[in-house]
Amino acid sequence: MPKIECNEKLFFEAIGKKYTYDVLEDVLPCAKAELDEKPDMSLPENERVVKIELNDTNRPDLWSTNGVARQIKLHEGGKTVDYMKLMSNFGNNDYEGRVVNVDPEVKDVRPYMVAFMITGKAIDDPMLKDIIQTQEKLCWNFGRKRKSISMGVYRVSQIQFPVSYHAVDPDNTSFVPLQCEEPMTCRQILSDHPKGKDFGWILEGSKKFPLLSDAKNEVMSMAPIINSATLGAVQVGDKDLMVELTGDNMENLMLSANIVACDFADQGYTIKPILVKHPYETGLGKDILAPFYFQPTTKTTLKAVNKLLGSDFDMKTVEDALVRMGNTVKIEGETITLSPAPYRNDFLHEVDIIEDVMIGCNVSAFEPRTPQDFTVGRLLPLTEFSRKAKTLMVGLGYQEMIFNYVGSKKDYIDNMLIDGSKVIEIANPMSENYQFIRPEVLSSLLRAESGSANAMYPHKVFEIGKVAYLKEDENTGTITRQHLGFLTAAADANFNTLASEVSSLVYFLDHEYKVVESDDPRFIPGRQAALVVDGKPAGVFGEVNPQVLENWGITTPCAAGELDLETLMATADTKTDAQKKQEAKKAEPKPVVNQKSEAETDPIKYFNEHIEIRVAKIEKVEENPQGDKLYIETMDDGTGTPRIIQSGLRPYLKAEELLGQHVLIAANLAPRKMKGVESHGMLLACDYTENGKECVELLTAPWAAPGTIVVPAGSDPSIPKPAKIDIDHFCKVTMKVEGKKMVLNGTPLTADGKEITTTKSDNCEVC
C-alpha cells in the first residue's frame, strides 16, 4: 500500500487543527490510513516528518498531505474550498489564450493530455516537496509507473503560448534534461540519463517520441521521461506554474488533474484552466479544459443502507455521514443520489455509498450484536464437493497450495499462449502485476513451479480455487467458477500417468466420463485430452507445452490438468449409499460357468486400454558386469528422459547390432531390478532357428520416431492406459508373428500407420 511523508507543519495547517499523535491515530481511519511512524520530536516543527500508510488503492486523492488532511477536516465537520467552482464546466472556463495544440502523430505514442495553471502565491520548500511526492505517488501507483499517467510542472513566466505537444525523431532532436548541463538526443536520454534508464521501457519500440515545446521552440519536457533543465526546473519562490499530465486514459488523466488542482486550491492557490486541443476524440471531447467534472451520480436507498450495515439510521444521519466524506447528496423520498467530489471516482455501486456512510458515521460507532435469528450452519454443497476432491488429490500424492487470483498479462495470457479476449482486466490496478483476474489455476501452479527448481523432484501440487472470465450471457458479463488445478513436475511426467490419476479422481467423485481430442495451446498436441461428463466439457489435461515451460523458465517436464468442479458437481451422482447398494445388487450379474475374461473375449480392446508399446531408439549399450547374459540399454523413448532397459540378448546379438535400432518396447511394465540395475520395460523380439542354432530377431520400426505408440490397425493411439502394469497383465494377450507380420488376434500391429514386419522370424510368439 502507498505510504506518504508529510511535513508536520504543512499537514496540521491543512487540517486547520493540531492533534496529539494519540488522537491522530484515532482520526486517521476516516481517511483509510494509519500512522506508520511518528516524527522525530527533537527537530524543529517545520522539519518534522509524519509518515502515514494508506490502506485503499481506490482513493488516489488520499495519497498526498492535502488529501489526507482534507478528509480529516471534512470528517471532523470542517469546511473546505468549493471545489466545483474550480471545474471548467461549472464556470471556470476562461483560459486567457493558454492553449496547447496536440499533434495527430502522438496518437499512436501517448495520445492524451490535460493541463491547468496555478497562481496566487509563491511555492515554499515544504510545498515543493509535497508537489514532488504527489507527482510520484500518482504516476507510480495510479499511473502504473508513468505508463498510463505522467505529470510535469513548469514556470509559466518562461513559457510562450501556444504550446505544442508533438512527436519528434528521437535521434535528431536534442535538449538539456534536468540534472544535466549539456544537450542530449531523446534516444540518448533513454540510455544515459537516470530517468531514461528507469522509464525508457515505456517508449521502447516507438519510432517517434512525444515532446512538449512552447511557441519559441523551447523544449519543456519529453513525456513521460524527463523535464528540460530550462522550463521544467521548478524552484522555491516560483509563483505561476503550469501543470500538465499525459497518458493513455483520459478519465484517469482528468481525475489526476482534479486531485492535484484541489490539493493546490486547499493551499490557497488560484486554479486557471488551459485549453488542450486534440485533433481526435478523447472520450471527454476534443477540446479539453481542466479541471473538469465528469463523475456520474450513484444511487441507493435508506433501506439498503440499514440492511447492509445492520443499522437503524434515519435519513438525516445518512446524509450527514456522506457530506462528512466530501460528497454532495440529494434526497428524494427513500432514494439517495450521491454526486462525488471532483477528486473521487470510486463510486461504482451502491455498496460504495454504504461504505462511505459507515466511515462517515465512524467505524467505532458500530457495536457487535448477537444475531436474533436461530440458524443451523452447514457447508455449502460446493464446499463439501471441493473438500472431497481435495482429499482425493492428497491421496494421489499431491500437496495443496493456495495462490492469489490477481496477476499480470504476462502470467495469465502471454506465458500461457492463450487468447486474452475473455480475460477480465481490472480498470485501475495498483500495478501491472495485479492487472488481470486469473482465468484458470494452471498459471498459478506454473508460477510456483518456476521458483521451485531447488526442491527435490517429483513436484506434485494442486489448488482448488476461484477463476473468473468474461461471459456475455451473464448478468454481470462475467462468471466465477470453482476449479481444481493439478501439476506434476518430474523427469518422467507423462500423459498416461496423468490420465490414470484423472480416471481415479473422477471415478471416486461418482462420475462416468470420456476423453476426447483437444486442441489447447497450453499442452503438447497429441498428448492432451478434454474431459467430458454427461456431454458437458469439464476440464482438460495433458503434457505441458515446452514453449509454456520455457516462458516460465521451467526446465523439467510437466504434466498438468484443470477441472471445473462446479460442472462435475452439477452432474454428480447424488444417490445415497443405500440406494447405490440396492441398485448394484439388482444389477449384479448371475454367475456364469467358465466365463471368459475381457482379454479373451476382446483382446484388441484389452490391449488398447492396458498395454503401452512404443518405439524407442537405442543410444547406448553396456554389459551388466553382474550378469553374463544381460545388456544395459539406454534409449530415447520420446519422453525427453533417457529410459534404461535390461535384456538377456548378449548370447544372441552383438552390442553394435543393437545400437541405433528403433525397437519396440513394453513401456508401461512396472520397473524390475535385475543384477543391481532397475529395468524400466522390455524389448520385444521373436526367436527362430538358423543352421541348427537358436537366434533372436528384434521387432523394429525404423521409420517411426521415438515415442510413437504401437496399436492394432484402426485403433486410436491416444487412448489412456495405466502408468504401470505387471507382467501377468501384459501376458493376458498373445502377440504373434504370422506371415512375417506382427499381429494381435489376426489384426496387424502398426507404428505411425505402417505395419510392423520381420525379416527372418515367422510363425512365432512375440516375447
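No value in this document is a laboratory result; all are computed from the given coordinates. Given the structure is predicted, the values throughout are model-derived calculations rather than measurements. Using ideal geometry, Cβ is built from the backbone for each residue, glycine included, and neighbour counts are taken over all protein chains shown.
How about segment 327-412: which chymotrypsin sites (Phe, Trp or Tyr not before Pro) there lie in a loop by DSSP and see at most 10 other Cβ atoms within 10 Å?
Loop-located and lightly packed - PHE374.
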Quiz prompt | segment 404-460, Cα convex hull volume normalised per residue, Å³ | solution = 88
Exercise. Go through LYS673/LYS754; LYS514/LYS732; LYS673/LYS721; LYS197/LYS471; LYS137/LYS410; LYS410/LYS460 and tell me which ones have a Cα-Cα distance over 31 Å in this structure.
Key: LYS673/LYS754; LYS197/LYS471
Practice problem: Distance between Cα centroids, segment 55-117 to segment 138-161: provide it in whole Å. | Solution: 12
Quiz item: Between ASN101 and GLN188, what is the spin-label point distance in nm, taking each point 7 Å from the Cα along the Cα→C-beta axis?
Solution: 2.9
Exercise. DSSP loop (so not H, G, I, E, B), at most 14 other Cβ within 10 Å: list which GluC sites (Glu not before Pro) in segment 424-521 pass both filters.
Key: GLU472, GLU474, GLU512, GLU517
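How would you rank 264-276, 740-752, highest first, on the average number of other Cβ atoms within 10 Å across their residues?
264-276, 740-752
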Quiz item: Between the DSSP loop rule and a limit of at most 13 other Cβ atoms within 10 Å, which trypsin sites (Lys or Arg not before Pro) in segment 53-97 are left?
Solution: LYS79
Quiz item: What is the Rg over Rh value, at two decimals, for segment 298-365, using alpha-carbon atoms and the Kirkwood definition of Rh?
Solution: 0.91
Quiz item: What is the calculated FRET efficiency for VAL49 to GLN235, with r their C-beta to C-beta distance and R₀ = 30 Å, to the nearest 0.05?
Solution: 0.90
Quiz item: Using 1/(1 + (r/R0)^6) with R0 = 56 angstrom and r between the beta carbons of SER42 and GLU472, what's the FRET efficiency to the nearest 0.05?
Solution: 0.35
Self-check item: In order through segment 537-549: 3J(HN,Hα) via Karplus (6.51 cos²θ - 1.76 cosθ + 1.60), integer Hz, x for Gly, Pro
Solution: x, 10, x, 8, 8, x, 7, 5, 3, x, 5, 5, 4
Practice problem: Please work out the C-alpha center-to-center distance from segment 543-572 to segment 671-737 and express it in whole Å. | Solution: 31
Quiz item: Can you give the extra length, in nm with one decimal, that the chain gains between THR689 and ASP312 once fully stretched, where that is 0.36 nm per residue apart less the Cα-Cα distance?
Solution: 125.8 nm
Quiz item: Given H placed 1.01 Å from N in the peptide plane, which residues other than close sequence neighbours of TYR469 have an amide H under 5 Å from its amide H?
Solution: ILE479
Practice problem: Kindly write out, for segment 389-405 in residue order, the coupling ³J(HN,Hα) from the Karplus curve 6.51 cos²θ - 1.76 cosθ + 1.60 (θ = phi - 60°), rounded to whole Hz, with x marking Gly and Pro. | Solution: 4, 4, 4, 5, 5, 4, x, 7, x, 8, 10, 6, 9, 10, 10, 6, 9
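Rounded to the nearest 500, what is the 222 nm mean residue ellipticity of the chain from helices alone, with -39500 (n - 2.57) per DSSP H run of 4+ residues and division by all residues? Intermediate results must be reported in sequence, preceding the final value.
On the way: 20 runs with 180 residues, N = 767.
Rounded to the nearest 500, it is -6500 deg cm²/dmol.
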Quiz item: Points 7 angstrom from Cα along the Cβ direction at GLU76 and LYS409: gap in nanometres?
Solution: 4.5
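Can you compute the FRET efficiency between CYS731 and GLN399 using 1/(1 + (r/R0)^6), with r the Cβ-Cβ distance and R0 = 45 Å? Round to the nearest 0.05. Can you show the working numbers first?
On the way: r = 37 Å, r/R0 = 0.82.
For CYS731 and GLN399, the calculated efficiency is 0.75.
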Practice problem: Note the full-extension length gain between ALA490 and LYS760 as 0.36 nm times their separation in residues minus their Cα-Cα distance, in nm to one decimal. | Solution: 93.2 nm
Quiz prompt | Radius of gyration and maximum dimension Dmax of segment 3-80, Cα, Å | solution = 11.5, 36
Self-check item: Ordering of 609-619, 96-106 by packing [mean C-beta count within 10 Å, highest first]
Solution: 609-619, 96-106
Practice problem: Starting from the Cα-Cα distance between LEU128 and GLU281, subtract it from 0.36 nm times their residue separation and give me the gain in nm to one decimal. | Solution: 51.7 nm
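Order of CYS30, CYS686 from fewest to most other C-beta atoms within 10 Å?
Ascending number of Cβ neighbours within 10 Å: CYS30, CYS686.
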Quiz item: Relative contact order of the chain: what whole-number percent is it, with Cα pairs under 8 angstrom and at least 6 residues apart?
Solution: 8
Quiz item: Structure shown: which of LYS85/LYS330; LYS303/LYS466; LYS32/LYS79; LYS129/LYS195; LYS675/LYS740 lie over 24 Å apart, alpha-carbon to alpha-carbon?
Solution: LYS303/LYS466; LYS675/LYS740
Quiz item: How long are the semi-axes of the ellipsoid equivalent to segment 381-570, from square roots of 5 times the Cα gyration tensor eigenvalues, in whole Å, largest first?
Solution: 23, 21, 16
Exercise. Determine the distance separating the Cα centre of segment 358-380 from the Cα centre of segment 272-314; give it in Å without decimals.
Key: 31
Practice problem: Please state the charge dipole magnitude for segment 3-80, taken about the Cα centre, from unit charges on C-beta atoms (+1 on K and R, -1 on D and E), reported in debye and rounded to the nearest 20. | Solution: 380
Quiz item: So, in nm, how far is label THR391 from label LYS303 when the simple model puts each one 7 Å beyond its Cα toward the Cβ?
Solution: 4.4
